Amino acid sequence: MAVEYLKRGRAEEARIEEDRGVREIVEAALADIEARGDIAVRQMSTKLDGYAPESFRLTEADIEALIARLSKTERDDILFAQAQVRRFAEAQRASMTDIEIETLPGVILGHRHIPVQSVGCYVPGGKFPMVASAHMSVLTAAVAGVPRIVAATPPFRGEPNPAVIAAMHFAGAHEIYVLGGIQAVGAMALGTETIDPVHMLVGPGNAFVAEAKRQLFGRVGIDLFAGPTETLLIADETVDAELCATDLLGQAEHGYNSPAALVTNSRKLAEATLTEIERILTVLPTAETAGTSWRDYGEVILCGSHEEMLAVAEEIASEHVQVMTDRDGWYLERMTAYGALFLGPRTNVANGDKVIGTNHTLPTRKAGRYTGGLWVGKFLKTHSYQKVLTDEAAAAIGRYCSRLCLLEGFVGHAEQANLRVRRYGGDNIPYGEAAE
């Protein structure tokens, strides 16, 4: 059967027009930060967050006082989540080994994994205090061995959020700033009179943060280009509408423009899920946000087979993909374009968002076709090196190099090789000619 949409989201053209307006605002804001530094940052924070303390950077005493406001259970829960993230990140780091091999007698090649030297971690928190984002960025950078980790988060209801600050501190942040939005990522990337610039920006954020990272890319590294949270359910008749509706709305509450889609080969499940979503929206405390997202960006797509469902999912390339079918392993083997997979009805995207240990900073807007999410390897640069230990090896490689350089017309390159052939091999090669 042909793929049938029982519900569609907004047209792509409307989303493009929204992006254009965001782009212009961000461009002007970053130019202002670069020109006026701390003054611009303070004015933006005052205007956008109503927050202008004497210093945006928290002192050790500030941090300890905020942590003291948490209950023991809250502290323990944060530390439990961080233990899971750390365990997985450490295993990932252990999988990345430095190498050195002798490719020819006397020729040594190798690479080393070197941490980025400074990272700015943005932790969203204006609407919902994203405690878990501190684990995902700050802690993962710490496991990678980044020597300077700067963390920034907006004020929550006019003050630093104790749980977010505690998570940043426990995760290993060296500097913590209570700054939000464009002013935070702009200050960290460009630097101001009081904030030294970083080499890399990571972390999720709203449309303005994502666009600021996009515009700053090149001056600094970034983890990935991120848009609003996306979730996709691949489900068949083995699960019920309550499960599907709950998982769709659970992610739709992130914001007013968070796409959520159900792909199924069961018309009964599709129609029941649409009904169940309407029921849940009458009782969900975040229904105003989740309902808007579902109305404008929700989709229900009916397919005729698992092969069709796979093809649709690959085309959507969603950030989060929840697979609940009679063949979850089949999808794991075949899917190539997504942020993270959540296999089976016993797990869910919220586990990945908050506690289970995989990283929740993931590719959106089809970026899963060419990149994975944030992980310890994103903070490591793989640098190669070479050394030639013997005269014989220098001359042998040099002869090949000389001829290959002249094949491309690079006479100066060839002379670099010829010099070694003359010095270590005893050949007398006229300038501009290839070594034989």
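The values are calculated or read from the model by the stated rules, or taken from the named source; none is laboratory data. All values reported here derive from a predicted model rather than from experimental measurement. Heads up, the Cβs are rebuilt from the backbone with ideal geometry, glycines too, and the neighbour counts pull from every protein chain shown. Remember, those area values only see protein heavy atoms, side chains included, never the ligands or the DNA or RNA. Shrake-Rupley method; radii C 1.70, N 1.55, O 1.52, S 1.80 Å.
Residue 196 passes every criterion in (1) in contact (Cβ under 8 Å) with a residue 12 or more places away in the chain; (2) under 30 Å from residue 115 (Cβ atoms); (3) under 17 Å from the mean Cα position of the chain (by Cα) apart from (3). Residues of the range 361-373 that are open to solvent by 10 Å² or more (accessible area, probe 1.4 Å), in contact (Cβ under 8 Å) with a residue 24 or more places away in the chain and over 18 Å from residue 257 (Cβ atoms): 369, 371, 372, 373.
Please tell me if residue 142 is modelled with pLDDT of 95 or more, touching a helix residue (DSSP H, G or I) at 6+ places or on another chain (Cβ under 9 Å), open to solvent by 20 Å² or more (accessible area, probe 1.4 Å) and not in a loop (DSSP other than H, G, I, E, B). For residue 142, the condition - modelled with pLDDT of 95 or more, touching a helix residue (DSSP H, G or I) at 6+ places or on another chain (Cβ under 9 Å), open to solvent by 20 Å² or more (accessible area, probe 1.4 Å) and not in a loop (DSSP other than H, G, I, E, B) - is met. When 41, 85 are checked against the criterion of being β-branched (Val, Ile, Thr), under 27 Å from residue 260 (Cα atoms) and touching a residue at least 40 places away in the same chain (Cβ under 8 Å), 85 stands alone in meeting it.
One residue stands out in the range 73-95 among those that are β-branched (Val, Ile, Thr) and more than 19 Å from the chain's Cα centre (by Cα): the one that is surrounded by the most Cβ atoms within 10 Å (Cβ to Cβ), namely 78.
Specify the residue that is least open to solvent (accessible area, probe 1.4 Å); the eligible residues are those in the range 54-72 that are of a type outside the set (A, V, I, L, M, F, W, C) and in contact with a Ser or Thr (Cβ under 8 Å, 6 or more places away or on another chain). Give the steps one after another, and end with the answer.
Quick first cut of the range 54-72, residues of a type outside the set (A, V, I, L, M, F, W, C) only: 54-55, 57, 59-60, 62, 64, 69, 71-72.
Those still in the list that are in contact with a Ser or Thr (Cβ under 8 Å, 6 or more places away or on another chain) too: 55, 57.
Values: 55: 66, 57: 101 Å².
By that ranking, first place goes to 55.
The residues in the range 60-78 that are in contact (Cβ under 8 Å) with a residue 40 or more places away in the chain and assigned to a helix (DSSP H, G or I) can be counted, and the count is 7.
Matching residues to (1) open to solvent by less than 20 Å² (accessible area, probe 1.4 Å); (2) farther than 15 Å from residue 233 by Cα; (3) of a type in the set (Phe, Trp, Tyr):
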| residue | (1), (2), (3) |
| --- | --- |
| 317 | yes, no, no |
| 327 | no, no, no |
| 345 | no, no, no |
| 401 | no, yes, no |
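Taking the conditions (1) open to solvent by 30 Å² or more (accessible area, probe 1.4 Å); (2) on the phi < 0 side of the Ramachandran plot in turn, residue 218 satisfies each one other than (2).
The number of residues in the range 146-182 being open to solvent by 20 Å² or more (accessible area, probe 1.4 Å), assigned to a helix (DSSP H, G or I) and at positive phi comes to 0. In the range 225-240, the residue that is farthest from residue 342 (Cα to Cα) out of those that are open to solvent by less than 10 Å² (accessible area, probe 1.4 Å) and not β-branched (Val, Ile, Thr) is 236. In the range 100-123, the residues that are in a strand (DSSP E or B) reach residues that are open to solvent by 20 Å² or more (accessible area, probe 1.4 Å) and among the polar types (S, T, N, Q) with C-beta atoms within less than 6 angstrom, at least six apart or across chains, in these pairs: 109/103; 109/386; 111/382; 111/384; 113/382.
Whenever a residue of the range 14-33 is modelled with pLDDT of 95 or more and surrounded by fewer than 17 Cβ atoms within 10 Å (Cβ to Cβ), its partners that are acidic (Asp, Glu) and in a helix (DSSP H, G or I), lying with C-beta atoms within less than 9 angstrom and at least six residues away or across chains, give the pairs 25/211; 27/211.
Before we move on, is residue 392 surrounded by 14 or more Cβ atoms within 10 Å (Cβ to Cβ), out of contact with any strand residue (DSSP E or B) (no Cβ under 8 Å at 6 or more places or on another chain), among the acidic types (Asp, Glu) and not in a strand (DSSP E or B)? First the steps, then the outcome.
Details: surrounded by 14 or more Cβ atoms within 10 Å (Cβ to Cβ): yes; out of contact with any strand residue (DSSP E or B) (no Cβ under 8 Å at 6 or more places or on another chain): yes; among the acidic types (Asp, Glu): yes; not in a strand (DSSP E or B): yes.
In short, yes.
Tallying residues that are surrounded by fewer than 13 Cβ atoms within 10 Å (Cβ to Cβ) and assigned to a helix (DSSP H, G or I) within the range 412-436 yields 1. Is the range 287-303 home to any residue that is touching a residue at least 12 places away in the same chain (Cβ under 8 Å), surrounded by 24 or more Cβ atoms within 10 Å (Cβ to Cβ), within 28 Å of residue 209 (Cβ to Cβ) and among the aromatic types (Phe, Trp, Tyr)? Yes; the residues of the range 287-303 include at least one that is touching a residue at least 12 places away in the same chain (Cβ under 8 Å), surrounded by 24 or more Cβ atoms within 10 Å (Cβ to Cβ), within 28 Å of residue 209 (Cβ to Cβ) and among the aromatic types (Phe, Trp, Tyr).
So which residues in the range 196-215 are in a loop (DSSP other than H, G, I, E, B) and either closer than 20 Å to residue 254 by Cβ or open to solvent by less than 10 Å² (accessible area, probe 1.4 Å) (or both)? Quick ask: steps written out before the conclusion?
Kept after step one, since they are in a loop (DSSP other than H, G, I, E, B), are these residues of the range 196-215: 196-199, 203-206.
Within the range 196-215, 198, 203, 204, 205, 206 qualify.
Yes or no: the range 244-265 includes at least one residue that is closer than 16 Å to residue 319 by Cβ, touching a residue at least 60 places away in the same chain (Cβ under 8 Å) and within 14 Å of the chain's Cα centre (by Cα). No: zero hits.
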